[in-house]
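Structure record follows, encoded as C-alpha cells.
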Amino acid sequence: VSQSRYIAFGCGTLRRHPEMWDIFKYAKDNGVTPNLTINGDVDDHEFDKIAELCGACAVSIYDKNLSYDAIKKLTDRGMKQVNIHFMISQETYDRAFEIMDDIKNDPRLAKLKAIVFLSLKTKGRSKNRFHQLTQEQFTNLVNFALDNNVPMGMDSCSAQKFMKAIKGHVNEEQMVQSAEPCESTLYSLYIDVRGDFYPCSFSPEIIVTGK
C-alpha cells in the first residue's frame, strides 16, 4: 500500500531562495508533496506557484487583512487545504477568539480548512515574552470552536490538553482518535539547514545545550 509523503518547507520569506520553486517541483515530481507556511506577503505569481505545486499552505496571522486576503487568493485558486496557523499563549489568547469569530463571519475565510493552534514552546525568542495557556483557557478555546462549528486542529504538543478539554464530550471517543501526542520520529522528523536530523524542530536546543 502506497503511503502519502509530505515535506513542510520552512521558507521564511518566499524570495529568500532563488531555486525554491525548482525544489518544490522536484519534490512533487518524485512523489513528495511540498507544503509551506506563509505570512501573507505574497504576489500573484507566487500564489499561482503555491497553488500549482503545494498540497497545503498555512497562513500565519500577523497582519490580519494581508493574511485573510492571502487565504482567499489561495482558495480562489482551488486549494482545498489552506489553514491558519496561530500560536496560542496568554498574550494571544483573546486574539484567538477574534480570529474564530472572523472564520464564522469574514467571507474571505469561507473556504478555509481550519485554524491550527500551535502550542507555545518556551525557547528562543519566546522566553520571558510569552506564557503558556492554562488548561482552563485551552478548554475554553476548544469549547468555543466546537460550539460554533469552527474547524480546528492543533500540533501534537497540544494533544494532551486537547484530550483533557474534550473529557465527557458526546463525541469524545471519536475526537480522541484524531489526537496524536508527540509524533516525533513516528510520523515526522526535522531536518535543519545543514541537513542534520532531529526528532522535531524543538530538539536542537535541547541536544546542543543539554537543557
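Assorted remarks:
- Lys73 passes every criterion in (1) touching an Asp or Glu at 6+ places or on another chain (Cβ under 8 Å); (2) in a loop (DSSP other than H, G, I, E, B); (3) not aromatic (Phe, Trp, Tyr) apart from (2).
- Among (1) of a type in the set (Gly, Ala, Ser); (2) surrounded by 18 or more Cβ atoms within 10 Å (Cβ to Cβ); (3) within 20 Å of the chain's Cα centre (by Cα) - the single one Ala8 does not satisfy: (2)
Every residue, every condition in (1) over 14 Å from Pro151 (Cβ atoms); (2) open to solvent by 80 Å² or more (accessible area, probe 1.4 Å), yes or no:
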| position | (1), (2) |
| --- | --- |
| Pro34 | yes, no |
| Ala51 | yes, no |
| Asn65 | yes, yes |
| Tyr68 | yes, no |
| Leu74 | yes, no |
| Lys111 | no, yes |
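- Among the helices (runs of 4 or more DSSP H) confined to region 158-209, the ones with at least 2 residues that are at pLDDT 85 or above and not hydrophobic (A, V, I, L, M, F, W, C) are located at 159-165, 172-176.
- Residue pairs whose Cβ atoms lie under 9 Å apart, separated by 6 or more positions or on different chains, with the first residue in region 1-19 and in a loop (DSSP other than H, G, I, E, B) and the second modelled with pLDDT of 85 or more and among the hydroxyl-bearing types (Ser, Thr, Tyr), are Ser4/Thr33; Arg5/Thr33; Gly10/Thr37; Cys11/Thr37.
- Checking Arg95, Arg108, Arg77 one by one, the residue that is among the basic types (Lys, Arg) and touching a Lys or Arg at 6+ places or on another chain (Cβ under 6 Å) is Arg108 and no other.
The values are calculated or read from the model by the stated rules, or taken from the named source; none is laboratory data. These figures come from a predicted structure and were not determined experimentally. Heads up, the Cβs are rebuilt from the backbone with ideal geometry, glycines too, and the neighbour counts pull from every protein chain shown. Quick note on the areas: whole protein, heavy atoms, side chains included, nothing else; ligands and nucleic acids left out. Shrake-Rupley method; radii C 1.70, N 1.55, O 1.52, S 1.80 Å.
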